[in-house]
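Asks: Okay, here's the structure, questions in a sec.
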Amino acid sequence: MAGGGGGGGSGASPLGHAPPMWYHRDLSRAAAEELLARAGRDGSFLVRDSESVNGAYALCVLFQKHVHTYRILPDDEGFLAVQTSQGVQPKRFKTLPELVSLYLQPSQGLVTTLLYPVEREETAVSDDRDYSDGEDEKPPLPPRSSSTSTPPGPDTPTDSTPAANGLSTISHEYLKGSYALDLEAVKQGASSLPHLNKTLVASCKRLNGEVDKVLSGLEILSKVFDQQSAFMVSKMIQQSVNQGGDQELENLVTKLAILKDLLSSIEKKALKALQDMSLTSPCSPPPLHSMRHSKSIPVQAFEVKLDVYLAELTKIGKSQKYTLSVDVEGGRLVVMKKVKDNQEDWITYTHDKIRQLIKSQRVQNKLGIVFEKEKDKSQRKDFIFASAKKREAFCQLLQLMKNKHSNQDEPDMISIFIGTWNMGSVPAPKNVASWVLCRGLGKTLDEMTVTIPHDLYVFGSQENSVCDREWVESLRALLKEQTELDYKPIAVQTLWNIKLAVLVKPEHENRISHVGMSSVKTGIANTLGNKGAVGVSFMFNGTSFGFVNCHLTSGNEKIARRNQNYLDILRLLSLGDKQLSSFDISLRFTHLFWLGDLNYRLDMDIQEILNYINRKEFDPLLKVDQLNLEREKNKVFLRFAEEEISFPPTYRYERGSRDTYVWQKQKATGMRTNVPSWCDRILWKSYPETHIVCNSYGCTDDVVTSDHSPVFATFEVGVTSQFVSKKGLPKSSEQAYIEFESIEAIVKTASRTKFFIEFYSTCLEEFKKSYENDSQSSDNVNFLRVGWSNKQLTTLKPLLSEIEYLQDQHLLLTVKSLDGYESYGECVLALKSMIGSTAQQFHTYLSHRGEETGNIRGSMRVRVPSERMGTRERLYEWISVDKDETSGPKGKSAVVCRSGHEYVKPSVIRKPLGELGKVSEEGERNSKEETAARPKQDGSDSDPSISKNSYNNPAYYILEGVPNQSAAAVSPELLPSPTSVNPQAAKPPPPSAGARSKPPGAASGPPHPRRQVRAISEESSSEDDGGACVVGAQGGGVGSTLNRPPPDFPPPPLPKGALEMVPEAPFTKPRSLYPDLAEVRIPAAGSAAHGDAFRRGGVGAGALDDQSCSVLQMAKTLSDSEFPGQPPRAPSAPPPLRGQPMGLGLDACRTFPPRNPITESIAEDMPEEALWGSSSSSLSVGESSVGEWLQRLGLERYEQGLLHNGWDDLEFLSDITEEDLEEAGVHDPAHKRILLESLRQQQQQK
């Protein structure tokens, strides 16, 4: 552990009697450079722990404004020496002070003599007691079993071996599943056990040097099949503890002998045992999970209305009311239409005839369903549901039906429940069903789907005084009562009263492997476990998951302490693949979820807070939420996402009630205030181009035993299977390759050492290294630009060459220095968007220890042989999001490509821009073509959230997304003329990673004034040859919810209508891959940031929540004349989906939605008979037409009710009845007559 102090475990002796003041323990490399830069004198120095080698140190020296780092390594005898060049005899010292004293003398081989020690800042021991809360006045003693690392309960394995190494898990998997296959094979006369053989091979993979682990893994099998050997194995494992010297060597030889006997005999003994079993039992028992049944899901019916346009009304008659009945168990969807005389007409579609679901983005309760009619022909119907929640429930049921009747052996997608609750040191009440059923306040699930069991349940609790076994059994009983399933605990980790329990559906138990657990204390002096975190990690088939439950420092004013808690947990929690030790836990997992009592408070007067809560106005409170503010500054949770909060603060309630917040408490130190706050949170971070959607985020309103309310969230998560190649290992001619053309990184450092890159991936046999960089330059002492050409970069060979396998893989990169082998930044890239015959560009941020440290970009391609190109559609690609027509025939807008919808990074289509697919044979062909290609990307964007910073190099702003006066200080000749469109300024904005619902396709509506999903992820980016980026003028403010990363994937293509509105389309202009940073002139050091332009949360006239442009781009293009602020949207404009980006030209965005241009672009792709006539095109689609009509009649009060029920078009209204008006809220008979008469007159006029 980096913070071990004293040389990482070699005791206090290397530091002498007391640590000298120039020794900074676990100070980070970046922080050390900052301290030296502040010292500013040549010869300033300090010593810190090495980040790359445990027990080693780093001597950092400032000379000519550059920081030079020397490694101090201990030898076998414990002596310390500065690492020297090969052949140079090192000078050895017993203690660190002795070593430093030598180099205080001149001419000792360093770049300069050590002259000025930079002393650590001695901070008083922080008293973590929160007098305002009273929760820590007497930190509770740790429970008797202070840490639990194995799940309690009758199903807990009795072996004491930790499962983290994955070996005992392998054996468990065999005994729980594969042995039945061997038994079946033996019955059919087989004389070998292939599955057992495979298990043994896996268990012995790391035999060299890990004999103990191998024996632990085989101990379980020996207990079942070889009792005699099992006794010896167990005995040797027990004896191996605390032995050394000759006895240890002798013991090792004995263990090897036992291992040899065990391996040579166990298969024969297992074969005999299974043969005996096959004789005694005529038929093998079915797998355990098949005997467990959850509640059967009843048939669910949804009342909907058909959404049609005028040209179709004559064909379908006047009945628009339908009932959609979903039979999940039977795999059928019944579409029933009511006709005359109470008769019904219905059509039944089996699950395989439902081709696609297309969610409308503009109308939240509208859904398009594509049915297969005949071979290669399909039909789309659009339905209006009673509410957006009903639409989501319908989609969830259909997805469940598809999954249930899929012919896939392994799931493509799982659902996860995550809950966090500070229990207030009081046992839970008997009934907490609302917690697991997601009932209460906020974004909740529909009642139709609320009882459908999730695949994983993750419960995080704080101040939980219940013992582990009792707590887990109560959770299992709760789930059994609600789902009729026996959920299996796969991990329970506890630190004092902080607990994390993970339970899994019985059918998935064998899909879980490589379970790991860890904890970190952050209480008083980082030694008490009353505050801290627990973590659990595991693999679900081929997808890695991490879960962290934390309880951070309490107290309104302790923001910095909470931030430090987070960084300590991020760095010290030991989870996941140990080979990824260079990466913090935010990059080690495909999906990382972080939950708990984070204790961030609201910075607002208590009376104002209470007033806003009473009015249910949460946006003003979210703007002063400390966690949101710290995330905006990139202090914590870098590029994590959080679903929009739509529930009241969960702390601090009066116990026994949810009506009153208790915000004052008399303490010995005086009256203390606890303002109501969202202390309890759930955030996540996922790899780029993975599928994750948050379906609910809320809190209960009926669990009142604690002063905190339980919080819940549910997620739909894409998972990958353990891929097995049908064609076997690739021949040399069928080998896939990952090739790099070039890589360039800008790192935040004052060092001038050389660098190399390490590449890690599960698709590589082992990690690979590049050669040292062959180009290096710097425009500023605090930054370094380093580059690698093709000859310096190694070609990577994946283990398997199938495209289906490779498109799910990711590549982790770390940029390391040659002088100290320490990481200066890490990132993750998705291979999916890099697959193709031509090189694709990538561009993303580098981070280290939870802080942004630079950016990296380059060009690469993943070559897949044609023999390995076969792929299939994933279940989560079956639902797409429609950008919706802003004019034109209803229900006839472009069908979005299913290959990339709702990804963190959507894959983009290589088609002519603006070409819109149709629901037809052509549309089906398009979807197949689109999966394999996307246009080349270039340029760079980052998000201009504004914050103060001491640096003034434009390179820094590109990598950190922090604008500065440098943008305004650029010379006029670097700015384009107002009549031209700069290619960089014309790039589309990034989709929000948190919203996870923006597929490629046409551009969409204006920015939503409400707070966005708080997503910050390296996968959020935008890069392409086309599109537009909208930036508010200085006066109007540059708005953004949070800092977004720069582009590392191409954006959605633009519709043709957008191109018509851009004066000079930039798509054909060639542009260099990397803009020249030297073009931007650096202003004086005293430049201040545009503090007055800052808009937290992106609310305001000039605030575009999901827009981003790099500051380099702004430096070249920003001017008041070219980037005026965007006017606020009209009150009647329909709100778009949260987090949606915009993709139109600058002029277009000022008057969006531009009806006619889009009409023309859609018209070009529509058959003639489906086009609007000139007369009907004047009736614009959407609520503005209905609103104007109602306003003319003086009945505008009914607009909302009509729109909610799907009556959003005057043409559509022509068929409305009195009953429909009644449902829409029109109860006054006189008003009904006025409305119906007006519609009848309009019909007669036509």
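Asks: Taking the residues in region 1214-1246 that are among the small types (Gly, Ala, Ser) and within 21 Å of Lys305 (Cα to Cα) as candidates, determine which candidate is least open to solvent (accessible area, probe 1.4 Å).
Replies: Taking region 1214-1246 first, the residues among the small types (Gly, Ala, Ser) are 1214, 1224-1225, 1230, 1238.
Filter once more, so that each one left must be within 21 Å of Lys305 (Cα to Cα): 1214, 1224-1225.
Details: Ser1214: 38, Ala1224: 10, Gly1225: 31 Å².
Per the stated criteria, the residue is Ala1224.
Residues are listed down the side, and each one gets a yes or a no for (1) over 29 Å from the mean Cα position of the chain (by Cα); (2) at pLDDT 95 or above:
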residue: Ser733; (1), (2): yes, no
residue: Ala736; (1), (2): no, no
residue: Val747; (1), (2): no, yes
residue: Ile757; (1), (2): no, yes
residue: Tyr760; (1), (2): no, yes
residue: Asn782; (1), (2): yes, no
residue: Asn790; (1), (2): yes, yes
residue: Ser801; (1), (2): no, no
residue: Tyr805; (1), (2): no, no
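Conditions tested, residue by residue: (1) open to solvent by less than 70 Å² (accessible area, probe 1.4 Å); (2) free of Cβ contacts under 8 Å to residues at least 60 places away in the same chain.
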| residue | (1), (2) |
| --- | --- |
| Glu344 | no, yes |
| Lys353 | no, yes |
| Gln361 | yes, no |
| Glu372 | yes, yes |
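Asks: Next up: Report the residue count in region 417-443 for those that are aliphatic (A, V, I, L, M) and in a loop (DSSP other than H, G, I, E, B).
Replies: Our first condition is that a residue be aliphatic (A, V, I, L, M); within region 417-443, this holds for 418, 423, 426, 428, 432-433, 436-437, 441.
Filter once more, so that each one left must be in a loop (DSSP other than H, G, I, E, B): 423, 426, 428, 432, 437.
The total comes to 5.
Asks: Please verify whether region 725-739 includes one or more residues that are open to solvent by less than 10 Å² (accessible area, probe 1.4 Å) and in contact with a Gly (Cβ under 9 Å, 6 or more places away or on another chain). Even if it seems obvious, please write down each step before you answer.
Replies: If we filter region 725-739 for residues that are open to solvent by less than 10 Å² (accessible area, probe 1.4 Å), which is where we start, we get 736, 738.
With the extra rule that they be in contact with a Gly (Cβ under 9 Å, 6 or more places away or on another chain), the set shrinks to none.
No, that holds for no residue.
Asks: Name the single residue that is surrounded by the fewest Cβ atoms within 10 Å (Cβ to Cβ) among those in region 765-787 being among the charged types (D, E, K, R) and free of Cβ contacts under 8 Å to residues at least 40 places away in the same chain. Step through it out loud before you land on a result.
Replies: Keep residues of region 765-787 that are among the charged types (D, E, K, R), which gives 765-766, 768-769, 772, 774, 779, 785.
Filter once more, keeping what is free of Cβ contacts under 8 Å to residues at least 40 places away in the same chain: 765-766, 768-769, 774.
Working: Glu765: 10, Glu766: 7, Lys768: 17, Lys769: 11, Asp774: 12.
So, considering only residues that are among the charged types (D, E, K, R) and free of Cβ contacts under 8 Å to residues at least 40 places away in the same chain, the one surrounded by the fewest Cβ atoms within 10 Å (Cβ to Cβ) is Glu766.
Asks: Give me a count of the residues in region 836-882 that are part of a strand (DSSP E or B), within 30 Å of Arg785 (Cα to Cα), of a type in the set (Val, Ile, Thr) and out of contact with any Gly (no Cβ under 9 Å at 6 or more places or on another chain).
Replies: 1
Asks: Right, another one. Take the residues in region 417-443 that are among the β-branched types (Val, Ile, Thr) and surrounded by 23 or more Cβ atoms within 10 Å (Cβ to Cβ); name whichever of them is farthest from Glu873 (Cα to Cα).
Replies: First, the residues of region 417-443 that are among the β-branched types (Val, Ile, Thr): 418, 420, 426, 432, 436.
Still in the list and also surrounded by 23 or more Cβ atoms within 10 Å (Cβ to Cβ): 418, 420, 436.
Values: Ile418: 28, Thr420: 34, Val436: 31 Å.
Checking each candidate, the answer is Thr420.
Asks: Would you confirm whether any residue within region 369-382 is over 30 Å from the mean Cα position of the chain (by Cα), closer than 30 Å to Tyr651 by Cα and of a type outside the set (Phe, Trp, Tyr)?
Replies: Taking every residue of region 369-382 in turn, none turns out to be over 30 Å from the mean Cα position of the chain (by Cα), closer than 30 Å to Tyr651 by Cα and of a type outside the set (Phe, Trp, Tyr).
Asks: Go through Val711, Val747 for me and flag whichever is of a type in the set (Val, Ile, Thr) and either open to solvent by 10 Å² or more (accessible area, probe 1.4 Å) or closer than 30 Å to Asn403 by Cα (or both).
Replies: Values: Val747 fails: either open to solvent by 10 Å² or more (accessible area, probe 1.4 Å) or closer than 30 Å to Asn403 by Cα (or both).
Only one candidate passes the filter, namely Val711.
Asks: To continue, here is another question. Being modelled with pLDDT under 95 and open to solvent by less than 10 Å² (accessible area, probe 1.4 Å) is true for just one of Gly542, Gly535, Gly529. Which residue is that?
Replies: Values: Gly542 fails: open to solvent by less than 10 Å² (accessible area, probe 1.4 Å); Gly535 fails: modelled with pLDDT under 95.
Criteria check complete, one pass: Gly529.
Asks: Further question on the same structure: Which of the following residues is over 26 Å from the mean Cα position of the chain (by Cα) and open to solvent by less than 10 Å² (accessible area, probe 1.4 Å): Thr522, Thr483, Thr494?
Replies: Testing whether each residue is over 26 Å from the mean Cα position of the chain (by Cα) and open to solvent by less than 10 Å² (accessible area, probe 1.4 Å) leaves just Thr483.
Asks: Next up: Looking only at region 75-114, count every residue that is assigned to a loop (DSSP other than H, G, I, E, B), under 20 Å from Met21 (Cα atoms) and open to solvent by less than 90 Å² (accessible area, probe 1.4 Å) and tell me the total. Full working, then the answer.
Replies: Quick first cut of region 75-114, residues assigned to a loop (DSSP other than H, G, I, E, B) only: 75-79, 83-92, 94-95, 104-114.
If we keep only those that are under 20 Å from Met21 (Cα atoms) as well, we get 94-95, 104-105, 113-114.
Cutting the leftovers down to open to solvent by less than 90 Å² (accessible area, probe 1.4 Å) gives us 95, 104, 113-114.
The total comes to 4.
Conditions tested, residue by residue: (1) touching a residue at least 60 places away in the same chain (Cβ under 8 Å); (2) of a type in the set (Ser, Thr, Tyr); (3) surrounded by 24 or more Cβ atoms within 10 Å (Cβ to Cβ); (4) not in a loop (DSSP other than H, G, I, E, B).
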| residue | (1), (2), (3), (4) |
| --- | --- |
| Gly656 | no, no, no, no |
| Met671 | no, no, no, yes |
| Lys685 | yes, no, yes, yes |
| Asn695 | yes, no, no, yes |
| Asp702 | yes, no, no, no |
| Glu716 | yes, no, no, yes |
| Gln722 | yes, no, no, no |
| Thr753 | yes, yes, no, no |
| Phe759 | no, no, no, yes |
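Asks: Have a look at Glu608, Glu642, Glu630 and point out the one that is within 19 Å of the chain's Cα centre (by Cα), modelled with pLDDT of 95 or more and open to solvent by 10 Å² or more (accessible area, probe 1.4 Å).
Replies: Numbers: Glu608 fails: within 19 Å of the chain's Cα centre (by Cα); Glu642 fails: open to solvent by 10 Å² or more (accessible area, probe 1.4 Å).
Within the list Glu608, Glu642, Glu630, the selection yields Glu630.
Asks: Conditions: (1) open to solvent by less than 50 Å² (accessible area, probe 1.4 Å); (2) more than 27 Å from Lys505 (Cβ to Cβ); (3) of a type in the set (Asp, Glu). Asp446 meets all but one. Number of the miss?
Replies: The number of the failed condition is (2).
Asks: What are the residues in region 854-865 that are open to solvent by 10 Å² or more (accessible area, probe 1.4 Å) and either aliphatic (A, V, I, L, M) or touching a helix residue (DSSP H, G or I) at 6+ places or on another chain (Cβ under 9 Å) (or both), if any?
Replies: Arg861, Val864, Pro865
Asks: Hey, could you check region 788-810 for residues that are open to solvent by 20 Å² or more (accessible area, probe 1.4 Å) and among the hydroxyl-bearing types (Ser, Thr, Tyr) and say which is farthest from His691 (Cα to Cα)?
Replies: Ser789
Asks: Could you tell me whether region 282-300 includes any residue that is over 30 Å from Glu1219 (Cβ atoms), part of a loop (DSSP other than H, G, I, E, B) and modelled with pLDDT of 80 or more? If you could, list the steps in order and put the result at the bottom.
Replies: First pass over region 282-300, keeping only residues over 30 Å from Glu1219 (Cβ atoms): 282-297.
The next check asks that each one be part of a loop (DSSP other than H, G, I, E, B); those that pass are 282-287, 292-297.
Restricting the remaining residues to those that are modelled with pLDDT of 80 or more gives 296-297.
Checking region 282-300: at least one residue is over 30 Å from Glu1219 (Cβ atoms), part of a loop (DSSP other than H, G, I, E, B) and modelled with pLDDT of 80 or more.
Asks: In addition: Would you please name the residue that is farthest from Val47 (Cα to Cα), looking only at residues in region 6-30 that are crowded, with 16+ Cβ neighbours inside 10 Å and either among the hydroxyl-bearing types (Ser, Thr, Tyr) or at pLDDT below 65 (or both)?
Replies: The selected residue is Ser10.
Asks: Can you tell me which residue among Glu481, Glu470, Glu392 is without any contact (Cβ under 8 Å) to a residue 40 or more places away in the chain and part of a helix (DSSP H, G or I)?
Replies: On the way: Glu481 fails: without any contact (Cβ under 8 Å) to a residue 40 or more places away in the chain; Glu392 fails: without any contact (Cβ under 8 Å) to a residue 40 or more places away in the chain.
Matching residue, one of Glu481, Glu470, Glu392: Glu470.
Asks: Separate question: Restricting the search to region 580-610, which residues are within 23 Å of Ser709 (Cα to Cα) and polar (S, T, N, Q)?
Replies: Hits for region 580-610 are Asn599, Gln607.
Asks: Among what's in region 817-851 and is farther than 27 Å from Ala736 by Cα and among the charged types (D, E, K, R), pick the residue that is surrounded by the fewest Cβ atoms within 10 Å (Cβ to Cβ).
Replies: Within region 817-851, the match that is surrounded by the fewest Cβ atoms within 10 Å (Cβ to Cβ) is Asp819.
Asks: Please state which of the following conditions Lys499 fails to meet, knowing it meets all the rest: (1) open to solvent by 10 Å² or more (accessible area, probe 1.4 Å); (2) under 14 Å from Cys550 (Cα atoms); (3) of a type in the set (Lys, Arg).
Replies: Of (1) open to solvent by 10 Å² or more (accessible area, probe 1.4 Å); (2) under 14 Å from Cys550 (Cα atoms); (3) of a type in the set (Lys, Arg), only one is false for Lys499: (1).
The values are calculated or read from the model by the stated rules, or taken from the named source; none is laboratory data. Predicted model only: the values in this text are computed from it and were never measured. Cβ coordinates were reconstructed from backbone atoms using ideal geometry, including for glycine residues, and neighbour counts include every protein chain displayed. Accessible surface is based on the protein model in full, side chains and every heavy atom, while ligands, DNA and RNA are left aside. Shrake-Rupley method; radii C 1.70, N 1.55, O 1.52, S 1.80 Å.
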